[in-house]
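Heads up, the thing below is written out as structure tokens.
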Amino acid sequence: MSCLMVERCGEISFDSPDQNAKCVRMLGDARVRGQTGVLSERRGSYPFIDFSLLNNTTLSGEIGTKKKVKRLLSFQRYFHASRLLRGIVPQASLYLLDEDYLGQARHMLSKVGMWDFDIFLFDRLTNGNSLVTLLCHLFNVHGLIHHFQLDMVTLHRFLVMVQEDYHSQNPYHNAVHAADVTQAMHCYLREPKLASFLTPSDIMLGLLAAAAHDVDHPGVNQPFLIKTKHHLASLYQNVSVLENHHWRSTIGMLRESRLLAHLPKEVTQDIEQQLGSLILATDINRQNEFLVRLKSHLDNQDLRLEDAQDRHFMLQIALKCADICNPCRLWDLSKQWSERVCEEFYRQGDLEQKFELEISPLCNQQKDTIPSIQIGFMTYIVEPLFERWAQFTGDTPLSGNMLNHLRRNKAKWRSLLHKQHSSSRSNDHSGQVTGMQEQTLKKEETP
């Protein structure tokens, strides 16, 4: 019988006394192996990053308890209105929740494969349940419920757990971002070059990884966790700290919900490992590693998508694209995401300033403007990846559309940056702009 890993600030506990032999201690945290050997994390153990956490108080247990109660109540409210709990089970198809959707939300789901899909509107129409609603629909569309014989109520339970473990306080890393990445992943999985080779397992892994890739994100980055000596940084030895936490938390939820408990042990073990490989690939510090490998495959024309390893690599690339696809969206949507992610950066900078820590790059609201941040991000991170993705997919409408949006959006940010530059010259007595703005302008104006 598998046991839970319990991680709390300075707190160690086990399911039973005889489990000490199974415990793997890492830098003061207790971790217990499950049946598959993959270490999972118990949910609700990490409070939102705030003053109490930095002061290393003992409130995490209380917060975790409140969070579990809130999740339970949310789960009950969500299902109260559902016909699933009234014993009505469809006999033929698996469109279980269609009758509960609002008409506009249902209409939007019929166009979920369109790149102009407005996830903000969809989240409002579903009363904040965009991730749960979207995943239920996509699991049905892709035939995953039937193929894996998933129990619909258990699937809902798992998805609600995932959605609730995102922090709505985060301007960017929240459940709406997860839903947006999942919708993008769905679009990428339909690209002809990839779609014809994908198995049901590939599709389910891609969607699950997209949905859970940032689960329980604290709203601060890895360097912040390291310099504040957060126990997650110690636990994962300062390597892919957040991504490891997202993965292990997802495994914990899969096991707690028992969504895949009916599948053979070796199948669930493989799913858990591959989920980890996908989620860990979203670590931005590994960007060059994946780009070099992708370039090599494309230049040598040696990708064999009949091979499970090559398919998995392209799923990693697809998830990386989905995770940073905001600059490739329509301007109105892209601009909202840009403002949200910068707001989250600035909040971290304010927190660092409050505690007299060095302010992280891109987190100083007085020096790092949204246009300069976005232009740099597009130039050095987004463009290289999406140009290679377009080379892989070929001249598809989606790839062309994304690159066109990317170029137009970059031009708009460049225009805004020039306006800020002009404004700062007229208003600033010193006639100086910030170092980052100056550097970005020079690079953008270089032929």
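May I ask you to list the residues in segment 365-376 that are crowded, with 19+ Cβ neighbours inside 10 Å and either outside any helix (DSSP H, G or I) or among the acidic types (Asp, Glu) (or both)?
If the condition is that a residue be crowded, with 19+ Cβ neighbours inside 10 Å and either outside any helix (DSSP H, G or I) or among the acidic types (Asp, Glu) (or both), then Asp368, Thr369 are the ones that fit.
May I ask you to verify whether Ser249 is over 15 Å from the mean Cα position of the chain (by Cα) and either touching a residue at least 60 places away in the same chain (Cβ under 8 Å) or not in a helix (DSSP H, G or I) (or both)? Talk me through it step by step, then tell me what you get.
Values: over 15 Å from the mean Cα position of the chain (by Cα): no; either touching a residue at least 60 places away in the same chain (Cβ under 8 Å) or not in a helix (DSSP H, G or I) (or both): yes.
For Ser249, the condition - over 15 Å from the mean Cα position of the chain (by Cα) and either touching a residue at least 60 places away in the same chain (Cβ under 8 Å) or not in a helix (DSSP H, G or I) (or both) - is not met.
May I ask you to say which residue of Val162, Val132 is farther than 23 Å from Lys320 by Cβ, surrounded by 24 or more Cβ atoms within 10 Å (Cβ to Cβ) and touching a helix residue (DSSP H, G or I) at 6+ places or on another chain (Cβ under 8 Å)? So that I can check it myself, show each step before the final result.
Working: Val162 fails: farther than 23 Å from Lys320 by Cβ.
Only one candidate passes the filter, namely Val132.
Quick test of your reading of the structure: Gln420 fulfils all but one of (1) buried (at least 16 other Cβ atoms within 10 Å of the Cβ); (2) at pLDDT 95 or above. Name the failing condition by number.
For Gln420, the exception is condition (2).
Take Glu344 and tell me if it is open to solvent by less than 20 Å² (accessible area, probe 1.4 Å), among the acidic types (Asp, Glu), at pLDDT 95 or above and farther than 17 Å from Thr393 by Cβ. Give the steps one after another, and end with the answer.
Values: open to solvent by less than 20 Å² (accessible area, probe 1.4 Å): yes; among the acidic types (Asp, Glu): yes; at pLDDT 95 or above: yes; farther than 17 Å from Thr393 by Cβ: yes.
Criteria met by Glu344.
Have a look at Asn244, Asn238 and point out the one that is assigned to a loop (DSSP other than H, G, I, E, B) and open to solvent by 10 Å² or more (accessible area, probe 1.4 Å). Let's see the steps before the verdict.
Working: Asn244 fails: assigned to a loop (DSSP other than H, G, I, E, B).
Exactly one residue qualifies, and that residue is Asn238.
Under 7 Å by Cβ, and 6 or more places apart or on different chains, what pairs join a residue from segment 188-216 that is closer than 19 Å to Leu242 by Cα with one that is of a type in the set (Asp, Glu) and at pLDDT 95 or above?
Correct list of pairs: His213/Asp323; Val215/Asp165; Asp216/Asp165.
Before we move on, is Glu256 modelled with pLDDT of 95 or more, part of a helix (DSSP H, G or I), touching a helix residue (DSSP H, G or I) at 6+ places or on another chain (Cβ under 6 Å) and open to solvent by 10 Å² or more (accessible area, probe 1.4 Å)? Walk me through it before giving the result.
Working: modelled with pLDDT of 95 or more: yes; part of a helix (DSSP H, G or I): yes; touching a helix residue (DSSP H, G or I) at 6+ places or on another chain (Cβ under 6 Å): no; open to solvent by 10 Å² or more (accessible area, probe 1.4 Å): yes.
Judged against the criteria, Glu256 is not a match.
Condition check ((1) out of contact with any helix residue (DSSP H, G or I) (no Cβ under 9 Å at 6 or more places or on another chain); (2) within 18 Å of Val176 (Cα to Cα); (3) surrounded by fewer than 21 Cβ atoms within 10 Å (Cβ to Cβ); (4) without any contact (Cβ under 8 Å) to a residue 24 or more places away in the chain) across all residues:
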residue: Cys328; (1), (2), (3), (4): no, yes, no, no
residue: Ser334; (1), (2), (3), (4): no, yes, no, no
residue: Ser338; (1), (2), (3), (4): no, yes, no, no
residue: Asp350; (1), (2), (3), (4): yes, no, yes, yes
residue: Gln353; (1), (2), (3), (4): yes, no, yes, yes
residue: Glu358; (1), (2), (3), (4): no, no, yes, no
residue: Pro361; (1), (2), (3), (4): no, no, yes, yes
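The values are calculated or read from the model by the stated rules, or taken from the named source; none is laboratory data. Everything numeric in this text was worked out from a predicted model, so none of it was measured. Heads up, the Cβs are rebuilt from the backbone with ideal geometry, glycines too, and the neighbour counts pull from every protein chain shown. Note: areas computed on protein heavy atoms with side chains; ligands, DNA, RNA excluded. Shrake-Rupley method; radii C 1.70, N 1.55, O 1.52, S 1.80 Å.
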